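Worksheet: the structure to be examined is printed underneath.
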Amino acid sequence: MTVLNAAQWWAREDLRIDGDRLVFAGRPVADLVRQFGSPTFFYSAKRVLSNAERLHSCFRDAGLEGRSRIHYAMKANRFAPLLTFLKGTGLVGIDACSPNEVEHAIACGFRAEEISFTNTSLSPRDLRRLAGIDGLRINLDSIGAIRSWGTLAPGSRIGIRVNPGLGIGRTSNDKLSYSGDQTTKFGIYREQFDDALEMADRHNLTVDTIHFHCGCGYLTPQLEALDRILEEANWFVRRCPTTRSVNLGGGLGVPHQATDEPLDLHRWASLLVQHFGSTELALEIEPGDYLVKDAGILALSVCGNEVKRRTRFVSVDAGFNVAIEPAMYGLPFEPVPALWRRGPLELVTVVGNINEALDVWATDVPLPSLEEGDCLALINAGAYSSSMASNHCMRGDWKEFLLFDE
Ligand SMILES: Cc1ncc(COP(=O)(O)O)c(C=O)c1O
């Protein structure tokens, strides 16, 4: 089947079709692949910086400068040059979720004081390692973890991750919700909160942070849900008078397809002002996606193009094991050819090189004609791709580069 046009909704100054070539971070993607091969992740330092600056100016415009902090959720992408670059911007600290992540962030230049740790299911070994890192800020999410931490570090300051019992996420994708109707392992619910505070008190721990992270990928249509979450979070804050800061976690999303309405950051910030503006609480966020997702592409090479029954399959030289979000969370990636040939577009299904039925990058997408050896870029591959990649089928041999504008 042929179609006439496809909106390049994703186009922006540093990612666009110039003539017939896809250009990313000032370079034709086809040249990048010629030089570095495929499959390869390319990240744009300039885009990461502008994402961080946009968040900062949004806090400033909302009058929250000086009392807001951004911790980059390094689980989204822990590529060392990227972390080192982020450290150099001076704009963000780190959200880490394992002792190894903390040590990696420190090796990339972050001081322990700049790192906020939040995770679940911590083993005694994890807790001992974390307690040995002076200056690290820790948010605990179970009564057992508070008890263990109290034994290891009595008299210290902690945050408590709470579960407001309300979820949020891109569209109505339940897989992206961390605290919705279904009971989850994350955080302490209202019913246990007094017990958690009592446990902290028993060990002379001061609870100075209320933390919550309710889901991933939310955009403007989900801001009403965020409003209710913030209302609920305030219940926990009011119950804990030693609270000095509220950590809203991550979850700020970026568009994945033409129909996605981008997150209106100013409306987002006005909700923070509405709920916390009259307090003196510091406000912290832990974005992963928002900082790095749209700053990355995965460049692939086309291995085949043929029709089976009524479907035209374009096969490429990497599969879902190197970027698992489309298969695992149903989060679509946009495939864009490095060479945009003129002529009618065709509906194609882009598939990878892994022996699993779910190894499908995109279904029925309108693309110009593609030939063996052509290069295809998957955009929005900057977060939760390389960091979650596996060696399934022993096809884990991808590369990654951080690009600085020439
Ligand atoms: C506790 C916590 N903070 C921050 C994040 C980052 O989320 P996102 O990349 O959606 O901003 C996550 C993601 O799972 C998380 O679990």
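So here's what we get for this one:
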| quantity | calculated |
| --- | --- |
| Which of G26, F85, A52, positive extreme of dipole for the chain (C-beta unit charges) | F85 |
| Alpha-carbon centroids, segment 366-397 and segment 87-121: separation in whole Å | 28 |
| Residue order, fewest to most surrounding Cβ atoms within 10 angstrom, among C214, C240, C303, C375 | C303, C240, C375, C214 |
| Neighbour cut-off at most 11 other Cβ (10 Å), DSSP loop, trypsin sites (Lys or Arg not before Pro), segment 248-336 | R309, R310 |
| Candidate aspartates and glutamates for bridging to K175, where Cα separation is under 13 Å - those fewer than 8 sequence places away on the same chain excluded | E325 |
| Footprinting exposure proxy for I379, I106 (fewest neighbouring C-beta atoms within 10 Å first) | I106, I379 |
| Normalised convex hull volume, the chain, alpha-carbon set, Å³ per residue | 141 |
| Fluctuation leader among N353, N391, N380 - the chain, Gaussian network, Cα springs under 10 angstrom | N391 |
| Computed magnitude of the charge dipole of segment 46-292 (debye, nearest 20; Cβ of K, R +1, Cβ of D, E -1) | 600 |
| Under-5 Å amide H pairs with E334, H placed in peptide plane, nonlocal only | I379 |
| Farthest toward positive dipole pole in segment 352-406 [+1 Lys/Arg, -1 Asp/Glu at C-beta], among N380, L403, H392 | H392 |
| Relative contact order of segment 46-292, pairs being alpha-carbon contacts under 8 Å that are 6 or more residues apart, as % | 22 |
| Spherically averaged projected area of segment 31-160 from its Cα convex hull (nm²) | 10.1 |
| Test item: Cα-centred dipole of segment 160-256, Lys/Arg +1 and Asp/Glu -1 on Cβ, debye | 260 |
| Cβ-Cβ FRET estimate between L152 and R69, R0 fixed at 22 Å, reported to 0.05 | 0.30 |
| Centroid-to-centroid separation of segment 133-161 and segment 26-82 [C-alpha atoms, Å] | 31 |
| Electrostatic dipole magnitude of segment 121-180 [Cβ: Lys, Arg +1; Asp, Glu -1; Cα centre; debye, to 20] | 100 |
| Cα-projected label distance for D61 with A131, points at 7 Å along beta-carbon direction, nm | 4.6 |
| Listed residues G251, G382, G132, most fluctuating in the chain (Gaussian network, C-alpha, under 10 Å) | G132 |
| Most mobile listed residue (A323, A299, A357) in the chain, GNM with C-alpha springs under 10 Å | A357 |
| Ascending count of other beta-carbon atoms within 10 Å, so fewest first, for T120, T183 | T183, T120 |
| Nearby lysines by direct alpha-carbon distance to K46 (threshold 18 angstrom, same-chain neighbours under 8 apart not counted) | K87, K293 |
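Every read-out reported here was derived from the displayed coordinates using simple, explicitly stated rules and does not represent laboratory data. Please read these numbers as outputs of a predicted model, since none were measured by experiment. Note: ideal-geometry Cβ built from the backbone for every residue, glycine included; neighbour counts use all protein chains shown.
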